[in-house]
Amino acid sequence: MQPFSYIRPATPQEAVGAFAQAGEGARFIAGGTTLYDLMKLNIERPRHLIDVSAIEGFNRIETDGDRLRFEANAAMSAVATDPVVARDYPVLAESLWKAASQQLRNMATVGGNLLQRTRCMYFRNGAGGIYPCNKREPGSGCAAIGGLDRGQAVLGTSDTCTAVSPGDWPVALVAMDASIEVLGPNGTRSMPVADLYRLPDTTPHVEFTLDPGEMITAIVVPKTLAGRRSTYHKIRDRESYAFALTSAAVALEMNDDRVERARIALGGVATRPWRAPEAEEVLAGQRLTPELALAAGRAAFRDARPGRHNGFKVELGARTIADALRIAADRSRT
Amino acid sequence: MSATPFADRARIDAFDKVRGATAYAADVPLPGMLHAILVPSRVAKGHLATLPVEDAMRVPGVVRVLTPDDFPPPPEPVRFPNADAPPTLHREIAFRGQPVALVVAETLEAAMEGAEHVVPTYEEQTFAATKRSALAVREEARPTVFGDAEAALARANATVDVEYESPTQHHNPIELISTTAVWAEGRLTIYEGTQFASGLKEVVARILRIDPGIVDVKSPTVGGAFGQKGWVQQQTAIVARAAMLTGRPVKLVTPRGQIFHLAKFRPNSTHRIRLGADADGRMIAAHYVSDQQQSRGGTFPSNYHAGPSRLYGIQNYYGGAVDYRIDTQPPGHMRAPHEHPACFAFECAVDELAYRIGADPVEFRIANDTRVDPQNGRALSSRYLNECLSRGAQRFGWERRTPEPGSMRASDGSLVGWGVASGTYPALVTATVASLRISADGTTRFVTTHHEFGQGIKTAIAAVLLDGLEIDPTRLDIVLGDTTAAPQQITAGSWGTFSVVPTAALAVERMRAALSELLGGRQVSGNIHQQLAAIRRPYLTVDVSQLGPGQEAAALERLRRGQYAIAGPTFPEFTSMSYIAHFIEVRVEPTTRRIRMPRVVSVADCGRVVSPRTAASQVRGGVIWAFGASLREATEVDPRYGGFLNNDLADYVVPVNADIGEIEVDFINEPDLLANSVGVKGLGEVAMVGASAAIANAIFHATGKRLRELPIRIEHLL
Ligand SMILES: Cc1cc2nc3c(=O)[nH]c(=O)nc-3n(C[C@H](O)[C@H](O)[C@H](O)COP(=O)(O)OP(=O)(O)OC[C@H]3O[C@@H](n4cnc5c(N)ncnc54)[C@H](O)[C@@H]3O)c2cc1C
Ligand code: SF4
């Protein structure tokens, strides 16, 4: 609980201007499903909230032409059920509807989703100084390393942080080579979604590459026929309403039973949405057999560094990729 | 009372519940209410060095910060009726999350902000976080012994020697823990979702050193009890004190995260079981030793073996129990507190033994039936476990099962496993009083001992009243859990129905007699309200009380003083137990090994079923609890820090709807007329017992893997 100011700008330009003016401690807020949660846990302590949810016409879903474009405020549920997305890009639709719950998906935006923070239990449950956490308090240490690390990442970790990047949607976007449009104090720019995320390295508290005051305005996905042969396969501790233990976003370009090109990205196992070029290479130009699919899965985890209780994610992750490849390949081409 | 089956009736409170009209304790609106938030200890053990409250007092809206100085010096430990009263605010820190202060404010927001500004300093001490910690203190309870288990094991034809483990688990009902207290006109009124309003009244009075006679407790409807609210909770006296000091109503609703350290929980327990069978496939020996996580001063019993000792006719038995005392809040009762972990372990061991001797798990159990209580040779008042097993097997289609592990497959390639297990739970009863008033104005009021928490006790009472009396069902008011209306007894251990239903039946009988006396042979038409109106009698009241079979009359006096007044399962002439058999299908995905439970058949012997709808609902709920306990839930402790790490619903994984397949419920529905006049035993607890074993046994049948530690997770089958 900390006092904060709250405004509802009418346009993206106004929002960015308001952010610049507010200075220290300003945050955009959209659906609020992450930010309010973290405020209640005393992890985020903003001084100014700039609520972008009231911006008129900032939630359009465009599916004409050679790309899909989702404005930042489009609800997760709206994008998941868009007929073109659902038909031609199951990987995108599934990554959304397998996340959170219907109530949350109705509130949460596809823009805010990209910036959710880790679910590492030591990060979330330790405010007040109970558990050291470099992400929450830089330099304090990492309780997860050597601790209860069943949920932690095995790829992209560092000696300072092993926290999983939790989102499903970003994983699907990274597989589909999506990019974001950004509006900031110095105008607009665009960047691949993959470049939005930083590895923890020695500064795990710096998670994104956005500059202060930069706002995501849209997500753009280049259209590809591979969309139809795609899936987001998510394995979790219960049948719904849980973050991924392991997940795989897969889209295939096939020539008969031969894989021309595979796109594979992983969730639940890495410190950022994880593209798996090693797995993609194993498949390129090959006939897709169950053995090859598993070999591709295993290749993705070649550099895995498991901790004490999360070693199973290496095998489970490989099998998740293999199953995802089978599901995607079984989907019709037209 | 005739033994014809009771009709299926809707829940008496169903309409209110779906409209959100049912009032829970925290819903009581009171003028001038203050809001409170607890400040939990950050350290796991130690001493409060400083507790500055000035910063909190500066937060606009904060009215008062209660600290240990605001409480009477700790009295002699209040052991009442047979457990320690929870501490109030203390400088000695016994566990992480222990409340050290209470911030009271005009608004909830101010209370929260104030609580953040109370930042105590501590002198920390080393602590034991788990059973395995070096500082854990081992304490052995006296064993239960009959026959000679060691000797019988030595001569057995086949034996198993296995160890099972059940994790720490926390209740997570939707209703958060809350207390609202009002101090006005010399009386203290407490609104709280509790299973024991009268006990709460007595204990809070003793802690605060006031006369219990000026304390009233109201527990309107509890949103999930299951033992979490069975004993006086930690926050109650603290909030009551705040109301006394501020002179205003004070309400505390604890955030979910704090509940993990404030409330009772199911302790981690380990169960080593040795079983022996003779050449005929009869179990002749059981040697069962369990240990559990216990707090330093906790009194939660450690006798897990008590239930399994009565499940079959095993003549030679050793049941031992060990506590490991560590630095945690006291563990306590959580649905089927001992019987669930015990029957998980025991019924898995029985399955292992059946496989060892090549017997069908259902037939093996049926062959080990008993007609007497093996502990003391007394007759069983009724026992239809074999009927539960054979009816369940038939409904489930057990004859189509191939016994070889891994031998059954679904069309999608999933491994299919079919498992069975039995469960038992003692049939218990309490002294109970009731008052029934039927009025000429069309209303009926039935006031009695015991509490409603969704189990359907009001619906069961209504069934008896409406079957026996011609009254207006829409204007029937059943008042429970209110110390101003009737002395209250802890409602737990599945004894609610056994206690109140026969009492309601007695009230019906007396009412009919009183009415016929009043009418004196006159023929008056209409229902009872109309009859009373016709003879110009505003109302007619009968007061009744009832004891369990052979229960001494002093129990009624104990009931009036808010003390335990419970009897069973051994009564002078017999032992009474409820029974259940669960048949469960699991499917294990071939690659990623997700475990699913598409189908369950559960058949219970709970005596006569008074309320078919709520009874079936209890069984479905019990099976879902067991599913959660077996495949989902564990509270995690990082031994370096103590306390519970995954203290929210995102990380404490409970089952969701999508997890649960078809659950078919059936009842033997044979009245147990030795137990009481209506023939009811208990159901709420036994519903869960054994279902975890059926799941684990099904997983073995599907995969050939014996998984002996709960929860079973995806990684255990990879
Ligand atoms: C119980 C629960 C379960 C969940 N389960 C899942 C799951 O299984 N899988 C999954 O992927 N997710 C899950 N989520 C996370 C959920 O998807 C995110 O909370 C949601 O997508 C965030 O969107 P929002 O609009 O509510 O963001 P907000 O909470 O409003 O904002 C999130 C962050 O983004 C920033 N922000 C918002 N909009 C913009 C913008 N336009 N430009 C720049 N910055 C912006 C905010 O400043 C904030 O830092 C779960 C969440 C909860 C609470
Ligand atoms: S893994 Fe990262 S987020 Fe988790 S405790 Fe360590 S530093 Fe904090």
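Remarks
- Whole-Hz couplings from phi, Karplus 6.51/-1.76/1.60, listed for segment B:113-125; x for Gly and Pro: 5, x, 4, 5, 8, 8, 10, x, 10, 10, 9, 7, 10
- Chains B and A together bury roughly 3100 Å² of accessible area, counting both sides, with a 1.4 Å probe on protein heavy atoms only.
- Expressed as a whole percent, the accessible surface of segment B:429-567 that belongs to carbon and sulfur atoms is 46, based on a 1.4 Å probe.
- Once the Cβ-Cβ distance of B:Met33 and A:Asn106 is raised to the sixth power relative to R0 = 35 Å, the FRET efficiency obtained is 0.60.
- Burial of 30 Å² or greater, segment B:116-152 residues [accessible area, probe 1.4 Å, versus chain by itself]: B:Glu116
- Sorting B:175-188, A:155-168 by average packing, meaning the other beta carbons within 10 Å per residue, from highest down gives A:155-168, B:175-188.
- Helical contribution to [θ] at 222 nm, DSSP H n ≥ 4, -39,500 (n - 2.57), averaged over the protein assembly as shown, rounded to 500: -7500 deg cm²/dmol
- Chain B, relative contact order [Cα under 8 Å, separation at least 6], %: 17
- Normalising the average separation of contacting C-alpha pairs (under 8 angstrom, six or more residues apart) by the number of residues puts the relative contact order of segment A:5-54 at 55 percent.
- Backbone phi angles across segment B:406-418, fed through the Karplus curve with coefficients 6.51, -1.76 and 1.60 (θ = phi - 60°), yield HN-Hα couplings of x, 8, 10, 9, 8, 5, 8, x, 5, 6, 10, x, 10 Hz in residue order; Gly and Pro are listed as x.
- Distance from segment A:260-316 to segment B:447-474 (C-alpha centre basis), Å: 60
- Average Cα contact separation per residue, segment B:429-567, under 8 Å, 6 or more apart, as relative contact order %: 40
- Taken as Cα centroids, segment B:373-436 and segment B:224-295 sit 25 Å apart, rounded to the nearest whole angstrom.
- Taken as Cα centroids, segment B:499-544 and segment A:68-122 sit 63 Å apart, rounded to the nearest whole angstrom.
- FRET efficiency, B:Glu165 to B:Gln523 (Cβ-Cβ, R0 51 Å, nearest 0.05): 0.15
- Other protein chain Cβ atoms within 10 Å, averaged over every residue that makes up A:309-322: 3
- Sorted on the mean count of surrounding Cβ atoms within 10 Å across their residues, most packed first, peptides B:154-164, B:517-527, B:103-113 read B:103-113, B:154-164, B:517-527.
- Using a probe of 1.4 angstrom and keeping all protein chains present, the accessible surface of segment A:5-54 works out to 50 square angstrom per residue.
- Each residue of segment A:200-215 was assigned a 3J(HN,Hα) from its phi angle through the Karplus expression (A = 6.51, B = -1.76, C = 1.60, θ = phi - 60°), giving x, 6, 9, 10, x, 6, 9, 9, 10, 9, 5, 7, x, x, 7, 10 Hz with x at Gly and Pro.
- Three-way shape call for chain B based on the alpha-carbon gyration tensor, with the a/c threshold at 1.5: oblate
- Occluded residues from segment A:142-170, i.e. those whose accessible area drops by 40 Å² or more once the chain is not alone (1.4 Å probe): A:Leu148, A:Arg150
- Percent accessible area from carbon and sulfur atoms, segment A:1-102, protein chains only, probe 1.4 Å: 51
- Shape of segment A:5-54 from the C-alpha gyration tensor: oblate (a/c of 1.5 or more and a/b not above b/c, with a ≥ b ≥ c the square roots of its eigenvalues).
- From most to least packed by mean Cβ count within 10 Å, the peptides A:213-225, B:320-332, B:12-24, B:114-126 give B:320-332, A:213-225, B:114-126, B:12-24.
- Entries in A:Lys135/B:Lys264; A:Lys98/A:Lys313; A:Lys98/B:Lys17; A:Lys40/A:Lys313 that, when Cα-Cα distance is taken, lie over 21 Å: A:Lys135/B:Lys264; A:Lys98/B:Lys17; A:Lys40/A:Lys313
- Shape class of segment A:225-327 from the Cα gyration tensor (axes a ≥ b ≥ c, square roots of the eigenvalues): prolate, since a/c reaches 1.5 or more and a/b is larger than b/c.
The values are calculated or read from the model by the stated rules, or taken from the named source; none is laboratory data. Please read all numbers here as calculations on a predicted model, not as lab measurements. Note that each Cβ is placed from the backbone with ideal geometry, even for glycine, and that neighbours are counted across all protein chains shown. Each accessible area value is taken on the protein alone, full model and side chains, heavy atoms only, with ligands, DNA and RNA left out. Shrake-Rupley method; radii C 1.70, N 1.55, O 1.52, S 1.80 Å.
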